[in-house]
Amino acid sequence: MLILASRSPQRRTILERLGVSFEVVVSDAPELASGDPIEVASENALRKARAVHQARGGGSGLVVLGADTIVVFDGRVFGKPADEDDARRMLGALSGRSHLVVGAMALISGDGEHRVSATTQVRFRTIDARMLDWYIATGEWRERAGAYAIQGAGTALVRELDGEYENVVGLPLAKLLDIYPQLLGS
């Protein structure tokens, strides 16, 4: 049985869509917020997985998946916005420009610890004041890295992607299957 060490409903939805059996155990492991983006996401994913693995007794039969997603623009990490003004600032900066979404996962199982990451380049359309007001009013930006959710109304902000869509949603499925091919049989 897979344990997902995440509170993300998007990650749950991806696994449910595949018919995977899993349990959710939320990790409150402290997260890094700055540094090399791939290392930050990878370390955060590992911290979450380790915390849940340890909380569950650390047995070799446990399979725990931790994940983290961050948005990187102009060398800066855009985490979850603190408030509406912060969301407006982030979305305004991303307007008409490209940014990277870095997704990382850590899987702890009887085979040890495995970490993978994926990057997807996302280019936003130019967001005028009317569109920005509309998107902010949806409230969807709350608790979202980079202040948007591509799987919801935030899809209207995106012009194009180069990379895996599921990575932007929150779980780079192609990379997950590389480190855990048994996923589809669980």
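The values are calculated or read from the model by the stated rules, or taken from the named source; none is laboratory data. Because the structure is predicted, anything quoted here is derived from the model rather than measured. Please note: Cβ atoms are built from the backbone with ideal geometry, for glycine as well, and neighbour counts cover all protein chains shown.
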Quiz prompt | Exclusive hit being of a type outside the set (Phe, Trp, Tyr), under 19 Å from PHE73 (Cα atoms), under 15 Å from the mean Cα position of the chain (by Cα) and at pLDDT 95 or above, set LEU94, LEU100, LEU132 | solution = LEU100
Self-check item: Among (1) under 22 Å from ASP133 (Cα atoms); (2) surrounded by fewer than 13 Cβ atoms within 10 Å (Cβ to Cβ) - the single one ARG89 does not satisfy
Solution: (2)
Quiz item: From the list VAL64, VAL102, which one is touching a residue at least 40 places away in the same chain (Cβ under 8 Å), within 22 Å of ARG142 (Cβ to Cβ) and either aliphatic (A, V, I, L, M) or surrounded by 19 or more Cβ atoms within 10 Å (Cβ to Cβ) (or both)?
Solution: VAL102
Practice problem: Give the residue, chosen from GLN151, GLN121, that is closer than 22 Å to VAL40 by Cα and surrounded by fewer than 18 Cβ atoms within 10 Å (Cβ to Cβ). | Solution: GLN121
Exercise. Report yes if some residue within the stretch 53-61 is in contact with a Phe, Trp or Tyr (Cβ under 9 Å, 6 or more places away or on another chain) and surrounded by fewer than 21 Cβ atoms within 10 Å (Cβ to Cβ); otherwise report no.
Key: no
Quiz item: Taking the stretch 1-18, which residues are outside any helix (DSSP H, G or I) and either surrounded by 17 or more Cβ atoms within 10 Å (Cβ to Cβ) or touching a residue at least 24 places away in the same chain (Cβ under 8 Å) (or both)?
Solution: MET1, LEU2, ILE3, LEU4, ALA5, SER6, SER8, LEU18
Quiz prompt | Answer residue from the stretch 36-52, given it is within 24 Å of GLY185 (Cα to Cα) and among the aliphatic types (A, V, I, L, M) and is surrounded by the fewest Cβ atoms within 10 Å (Cβ to Cβ) among those | solution = LEU46
Exercise. Specify the residue that is modelled with the highest pLDDT; the eligible residues are those in the stretch 19-35 that are within 18 Å of the chain's Cα centre (by Cα), surrounded by 15 or more Cβ atoms within 10 Å (Cβ to Cβ) and assigned to a loop (DSSP other than H, G, I, E, B).
Key: VAL25
